[in-house]
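Undergrad: Quick one: structure below, then a few questions.
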Amino acid sequence: MELKNFFKNSSNEIYNRNMDLLEEYDLVNPMGSPNKLFLKFITARNLKIKEDEITSELIEEFEGSIDSINLRLEQNQREKEIIFTQQKVWINILEDDEWVGTDMLLMHDGVVIEKTGEKLLYAGMGDISIEDGGWSKKRVTIDTYDDEFVFEINEVRAVPLKEILEDNIDNHKHDEFDDLLDLYALFDEGKISEEELEVRKALIYSDNFYCTSCGEKLDPDSEFCSNCGHEILD
């Protein structure tokens, strides 16, 4: 439903003023129509708008509503999907006291900084924090076990990227932890020796992939082992 249907008797001046206010609060979709959740909010509340005019107070009331929260979640999810689909995002890194641009590539096990070739593994990442950076940028700091990595990114992508990284961190640490629990269970049951326990622990902590049948080192994208033909399962 269009905004004009709510204000059939409004003048063009008031209608245009309403649209300007909605644009200011980012409540206009790419097609130029008012956001449907906002219109739903007006309808559900049966709000009486003085002189057919939307006010900033009304929008602020909407921003505290469940509909608005859902809207922000949807927008955030779309940003995450865009970033993950592209599997790279443009960032600025500090080199010789100057900020320079490069792509951050999102890989299956970590991120690669294209300009430097540096790779940061999800399993080695800790806390991620965001603060104000340069113009229209957010500064992101990733704590690692050895150091920290700092970069700047367009502010609309900062939170979605942070969530993508945190999701991957959780997934990798969870998988690693589960693997260790399974391994220690085998050792406690006497099914593997202490020497084999240590070897398998090293494989879990390694960045490399190995065939579970013959132990051959694998390419991460392999579907079958090149040595014994064993199928590689996720």
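Undergrad: Kindly check whether there is at least one residue in the range 97-115 that is open to solvent by 20 Å² or more (accessible area, probe 1.4 Å) and in contact with a Gly (Cβ under 6 Å, 6 or more places away or on another chain).
TA: Within the range 97-115, none of the residues are open to solvent by 20 Å² or more (accessible area, probe 1.4 Å) and in contact with a Gly (Cβ under 6 Å, 6 or more places away or on another chain).
Undergrad: Out of the strands (runs of 3 or more DSSP E) lying entirely within the range 119-234, which hold 2 or more residues that are of a type in the set (A, V, I, L, M), modelled with pLDDT of 80 or more and touching a Ser or Thr at 6+ places or on another chain (Cβ under 8 Å)?
TA: On the way: elements: 119-121, 125-132, 137-144, 148-154.
Counting at least 2 such residues, we get 125-132.
Undergrad: Right, another one. Which of the following residues is within 18 Å of the chain's Cα centre (by Cα) and not β-branched (Val, Ile, Thr): LEU121, LEU94?
TA: LEU121
Undergrad: Okay, next question. Report the residue count in the range 16-57 for those that are at pLDDT below 80, part of a helix (DSSP H, G or I) and either farther than 24 Å from ASN70 by Cα or among the acidic types (Asp, Glu) (or both).
TA: Residues flagged as at pLDDT below 80, part of a helix (DSSP H, G or I) and either farther than 24 Å from ASN70 by Cα or among the acidic types (Asp, Glu) (or both) within the range 16-57 amount to 3.
Undergrad: Another question, if that's okay. Among (1) within 13 Å of LEU165 (Cβ to Cβ); (2) in contact with a helix residue (DSSP H, G or I) (Cβ under 6 Å, 6 or more places away or on another chain), there is one condition THR141 misses while meeting the rest; what is its number?
TA: Of the numbered conditions (1) within 13 Å of LEU165 (Cβ to Cβ); (2) in contact with a helix residue (DSSP H, G or I) (Cβ under 6 Å, 6 or more places away or on another chain), the odd one out for THR141 is (2).
Undergrad: While we're looking at this one, here's another question. Please verify whether the range 82-93 includes one or more residues that are over 14 Å from LEU27 (Cα atoms), at pLDDT below 80, part of a helix (DSSP H, G or I) and open to solvent by 60 Å² or more (accessible area, probe 1.4 Å). Walk me through it before giving the result.
TA: First, pick out the residues of the range 82-93 that are over 14 Å from LEU27 (Cα atoms): 82-93.
Subset that is at pLDDT below 80: none.
The answer is no; no qualifying residue exists.
The values are calculated or read from the model by the stated rules, or taken from the named source; none is laboratory data. Computed from a prediction, not measured in an experiment: that's the story for all the values here. A quick note on method: Cβ atoms are made from the backbone with ideal geometry, for glycine too, and the neighbour counts reach across all protein chains shown. For the accessible areas, the whole protein counts, side chains as well, though only heavy atoms, and no ligand, DNA or RNA atoms are used. Shrake-Rupley method; radii C 1.70, N 1.55, O 1.52, S 1.80 Å.
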